[in-house]
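Novice: Handing you a structure now.
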Amino acid sequence: MGSHTFKRIQSFIAVYETRSFSKAAEQLFISQPTVSVHIKQLELQLNTTLFERNGRTELVPTTNARKFYQHALHLLDDWQNATDSLDLAEERPRTTVRIGASQTSATVLLPKIFAQIKKDEFNTIDFKIEMHNSEEILAGVLNHQFDFGIIEKPITHDFITRDAIAGDQLVLAGNLDSTVWLVREKGSGVYHYTQQYFKQHNIVPDHFLTIANNDIIVKMLAQNVGKSIVSIQALPESVPYKKLDDAFNRQFYIIHHEHSNQSAIKNEIARFIQIAKNL
């Protein structure tokens, strides 16, 4: 496979997954016109149309594009495996692993996982961790902003692989007689379960505060301000709580793009899954 064809296939995969020339260009660190040229050249090479426009901006893959996508993934995987097998004379560069973690998993689960990682493994790997809500992490994994994410909301996508790794118990905590609810923002895992609790008990809150930070909610509960649905693992012993039914025993999940070419990233994902399941 020539270098030109290789670059065209990379652009095709990026456009197929993002449904956008501009997003694909950002992902590949090249210009949007270059991506457009790559797609046109690949269409000429394959003698077929790969994308059609639905309105002004949205790109829709054709039937042939959907067929070619799976083959394109295998081509890049084969190329990556071939290069990984070479005994290169020069030292391999350090690997950066980008992790998106929901607020509860970042404060409850990640410290336990990193405590199990051997110190010498940090000699070859740099970790970058960002804290976001579950929906933002899913978008980040899809757009390759993160190599994998740790979330507690049971969401997925056609291009995403999801592994259940650990359990968590949600409780109703704080001043249980208060009429003030402390609620996470839309898109967070806890917001999903809070709305579930409201529906289950036919609750329409008279007063609520939307707070996009779990630590702030916990600190307010500790000051006897309102009540909230929170993880029991994040709750100080001084804060009263009430256990909820089994519907609020949730899972933490690791999500990652089903197509990841770098073997070092694949190894780290597998290692995090194994460690988390054994905690």
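The values are calculated or read from the model by the stated rules, or taken from the named source; none is laboratory data. This one's a predicted model, so the numbers in the text were calculated from it and none came from an experiment. Because the Cβ atoms are built from the backbone with ideal geometry, glycine has one as well, and the counts that use them run over all protein chains shown. Just the protein is used for accessible areas: all its heavy atoms, side chains included, with ligands, DNA and RNA removed. Shrake-Rupley method; radii C 1.70, N 1.55, O 1.52, S 1.80 Å.
Novice: Looking only at L109, L182, L209, which one moves most when the chain is put into a Gaussian network model with springs between Cα atoms under 10 Å?
Specialist: L209
Novice: Quick one: of the DSSP bridges fully inside the chain, what percent are antiparallel, nearest 5?
Specialist: Working: 24 of 39 bridges.
Among the beta bridges of the chain, antiparallel pairing accounts for roughly 60 percent.
Novice: Report the gain in length on full extension from K219 to Q169: 0.36 nm times residue separation, minus Cα-Cα distance, nm rounded to one decimal.
Specialist: Values: separation 50, 0.36 × 50 = 18.00 nm, distance 1.89 nm.
Additional length available on full extension: 16.1 nm.
Novice: Can you give the relative contact order of the chain as a percent, counting alpha carbon pairs under 8 Å and 6+ residues apart?
Specialist: Details: 425 pairs, mean separation 57.3, N = 279.
Reported as a whole number, the value is 21 percent.
Novice: Which residue fluctuates the most in the chain, going by a Gaussian network model with Cα springs under 10 Å, if the choices are H259, H157, H201?
Specialist: Checking each option, the largest mean-square fluctuation is seen for H201.
Novice: I would also like to ask the following. Would you please put 166-174, 227-235, 263-271 in order of how densely packed they are, using the mean number of other Cβ atoms within 10 angstrom per residue and starting with the highest? Display every interim value, and only then the final one.
Specialist: Details: 166-174: 20.1, 227-235: 22.0, 263-271: 16.7.
Listed from highest to lowest mean packing, they are 227-235, 166-174, 263-271.
Novice: While we're here: Once fully extended, how much extra length lies between S31 and T5, figured as 0.36 nm per residue of separation less the alpha-carbon to alpha-carbon distance? Let's see the in-between values first.
Specialist: Details: separation 26, 0.36 × 26 = 9.36 nm, distance 1.73 nm.
Taking 0.36 nm per residue and subtracting the Cα distance, the gain is 7.6 nm.
Novice: Sum up the charges of everything whose Cβ sits under 9 Å from the Cβ of A173, counting Lys and Arg as +1 and Asp and Glu as -1, but leave A173 out.
Specialist: Values: positive: K227, K242; negative: none.
Net charge around A173: +2.
Novice: Now for a different question. What nm distance separates the two modelled labels at Q274 and Q251, each placed 7 Å from Cα along Cα→Cβ?
Specialist: Inter-label distance under the simple model: 2.0 nm.
Novice: Here's another thing I want to ask about it. With contacts defined as alpha carbon pairs under 8 Å and 6 or more residues apart, what's the relative contact order of the stretch 173-252 in percent?
Specialist: Details: 97 pairs, mean separation 35.8, N = 80.
Answer for the stretch 173-252 is 45 percent.
Novice: Another one. With label points built 7 Å along Cα→Cβ from the Cα atoms of F114 and Q45, find their separation and express it in nm.
Specialist: Rounded to a tenth, the inter-label distance reads 4.2 nm.
Novice: Under a 10 Å cutoff between Cα atoms, tell me which one of L142, L44, L59 has the largest fluctuation in the Gaussian network model of the chain.
Specialist: L44
Novice: Related question: Per DSSP H run of at least 4 residues, take -39500 (n - 2.57); add these up for the chain, divide by its residues and hand me the 222 nm value, nearest 500 deg cm²/dmol. If you can, show how the numbers build up before the last one.
Specialist: Details: 9 runs with 111 residues, N = 279.
Only helices count here, giving -12500 deg cm²/dmol.
Novice: In nm, give the distance between the simple-model label positions of N64 and F122, each being 7 Å from the Cα along the Cα-to-Cβ direction.
Specialist: 5.3 nm
Novice: Work through the residues other than T107 whose Cβ is under 13 Å from its Cβ and net out their charges, Lys, Arg +1 and Asp, Glu -1. Let's see the in-between values first.
Specialist: Details: positive: K112, K219; negative: E152, D168, D215.
It works out to a net charge of -1.
Novice: To the nearest 10 degrees, how steep is helix 32-46 against the longest Cα principal axis of the chain, on a 0 to 90 scale?
Specialist: 60 degrees
Novice: Turning to a different aspect of this structure: Hey, what angle do you get for helix 3-18 against the long axis of the chain, alpha-carbon based, 0 to 90 degrees rounded to 10?
Specialist: The angle comes out at about 30 degrees.
Novice: Something else now. What does the net charge come to around D147 if you take all other residues with beta carbon closer than 10 Å to its beta carbon, with K and R at +1 and D and E at -1? If you can, show how the numbers build up before the last one.
Specialist: Values: positive: R98, K128, K266; negative: E268.
Residues near D147 contribute +2 overall.
Novice: Considering only protein heavy atoms, what per residue accessible area in square angstrom results for the chain with a 1.4 angstrom probe?
Specialist: On the way: 15100 Å² over 279 residues.
Heavy-atom SASA per residue in the chain reads 54 Å².
Novice: Carbon-plus-sulfur fraction of the accessible area of the stretch 111-215, 1.4 Å probe, in percent?
Specialist: Details: 2630 of 5350 Å².
Result for the stretch 111-215: 49 percent of the exposed heavy-atom area is carbon or sulfur.
Novice: Hey, what angle do you get for helix 263-277 against the long axis of the chain, alpha-carbon based, 0 to 90 degrees rounded to 10?
Specialist: In the chain, helix 263-277 runs at an angle near 20 degrees to the longest axis.
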